[in-house]
């Protein structure tokens, strides 16, 4: 089966699932007493509406192939880093460093992925950008809060650009017997990780009792965590036909990326609590900002990329 046909089947499958979820959400909303509201149902409706937009955008990018995916994630990285750095401490002395981060470091990182220069895109940000951006800020002679300002810029680059860029980097992998299908690895990663988020929310609302880190993320419970991770990993095993993995390997990889996705969400929630905000932004109705949607993906994407590259790719 060709990659294009498999991608079409996956998209139609997601459309069918979202259609069913939309019907269920509408029926649940109709059961709410007139004049009253249900925060859980409203949250579910908002998430489903946002998912429709996200699936449509990702499907469109994938239909354009490698160029569409690279451009999409470059734009997402730009928007996400803008959200992230908006909430961080900055001074006038950082303006040049920020301009370099947005208009030089970000596009160069994605260009390196486009030309498949692994040796450089794997170290460009954590080595060269991390060393030279603080130099630019230091030359402006403003030492107040210098370490915090520099660290927050570096962390924004690491999360929003470096880690996120490992999603389109999956397109560079050369896997024997899987030629021309690497785009399906992106679909597998995004569907499994994002499904885990939704399933953890559902299991948490249905069975959640024991909070994991109440001061960091009050909504996360052990019941929701175990239920969502196991259910999403099972979904990943069922989607093995999209990948070069066996069902068992697909389950194990799904377990790894859902665990990393959970911890990514937890870390980013801790940062939000530190900054005193609920969401990073409000561009995606019901889902906060781009960083809110990227948190689980960016922690799982580099791990997924390197595991697949090491065990399956010939490069």
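Consider residue 100 carefully, then state whether it is at pLDDT 95 or above, farther than 19 Å from residue 86 by Cα and surrounded by fewer than 21 Cβ atoms within 10 Å (Cβ to Cβ). Before the answer, list the steps.
Details: at pLDDT 95 or above: yes; farther than 19 Å from residue 86 by Cα: no; surrounded by fewer than 21 Cβ atoms within 10 Å (Cβ to Cβ): yes.
It is false that residue 100 is at pLDDT 95 or above, farther than 19 Å from residue 86 by Cα and surrounded by fewer than 21 Cβ atoms within 10 Å (Cβ to Cβ).
For the range 274-290, check the following and say yes or no: at least one residue is assigned to a helix (DSSP H, G or I), farther than 13 Å from residue 159 by Cβ and modelled with pLDDT under 90.
Yes, the range 274-290 has at least one match.
Given the residues 216, 193, which is the only one that is closer than 30 Å to residue 127 by Cβ and modelled with pLDDT of 85 or more?
After ruling out the rest, the residue left standing is 193.
Looking at 181, 205, 211 in this structure, which one is touching a strand residue (DSSP E or B) at 6+ places or on another chain (Cβ under 7 Å) and farther than 30 Å from residue 101 by Cβ?
On the way: 181 fails: touching a strand residue (DSSP E or B) at 6+ places or on another chain (Cβ under 7 Å); 205 fails: touching a strand residue (DSSP E or B) at 6+ places or on another chain (Cβ under 7 Å).
The conditions single out 211.
Could you name every one of the helices (runs of 4 or more DSSP H) located completely within the range 116-174 that has at least 3 residues being in contact with a helix residue (DSSP H, G or I) (Cβ under 9 Å, 6 or more places away or on another chain) and buried (at least 22 other Cβ atoms within 10 Å of the Cβ)? If you could, list the steps in order and put the result at the bottom.
On the way: elements: 118-121, 130-138, 146-157, 166-169.
Per the criteria, 146-157, 166-169.
Which residues, taken from the range 243-262, are part of a helix (DSSP H, G or I) and surrounded by 23 or more Cβ atoms within 10 Å (Cβ to Cβ)?
Passing the criteria: 250, 253, 254, 257, 258, 261, 262.
Going by what's in this entry, would residue 42 be described as assigned to a helix (DSSP H, G or I), over 18 Å from residue 8 (Cβ atoms) and modelled with pLDDT of 85 or more?
Against the criterion (assigned to a helix (DSSP H, G or I), over 18 Å from residue 8 (Cβ atoms) and modelled with pLDDT of 85 or more), residue 42 does not qualify.
So which residues in the range 203-216 are surrounded by 18 or more Cβ atoms within 10 Å (Cβ to Cβ) and under 20 Å from residue 230 (Cα atoms)?
203, 204, 208, 212
Condition (residue is surrounded by 19 or more Cβ atoms within 10 Å (Cβ to Cβ), at pLDDT below 95 and in a strand (DSSP E or B)) applied to the range 219-226: is it met by at least one residue?
Yes, that holds for at least one residue.
Take residue 112 and decide whether it is free of Cβ contacts under 8 Å to residues at least 24 places away in the same chain, under 30 Å from residue 69 (Cβ atoms), touching a helix residue (DSSP H, G or I) at 6+ places or on another chain (Cβ under 8 Å) and assigned to a helix (DSSP H, G or I).
Working: free of Cβ contacts under 8 Å to residues at least 24 places away in the same chain: yes; under 30 Å from residue 69 (Cβ atoms): yes; touching a helix residue (DSSP H, G or I) at 6+ places or on another chain (Cβ under 8 Å): yes; assigned to a helix (DSSP H, G or I): yes.
For residue 112, the condition - free of Cβ contacts under 8 Å to residues at least 24 places away in the same chain, under 30 Å from residue 69 (Cβ atoms), touching a helix residue (DSSP H, G or I) at 6+ places or on another chain (Cβ under 8 Å) and assigned to a helix (DSSP H, G or I) - is met.
Looking only at the range 176-185, decide whether some residue is touching a helix residue (DSSP H, G or I) at 6+ places or on another chain (Cβ under 8 Å), part of a helix (DSSP H, G or I) and at pLDDT 90 or above.
yes
Determine whether the range 52-70 contains at least one residue that is at pLDDT 80 or above and not in a helix (DSSP H, G or I).
no
The values are calculated or read from the model by the stated rules, or taken from the named source; none is laboratory data. What you see is a predicted model; the values in this text were computed from it and never measured. Positions of Cβ are generated from backbone atoms using ideal geometry, with glycine treated the same way; all protein chains shown enter the neighbour counts.
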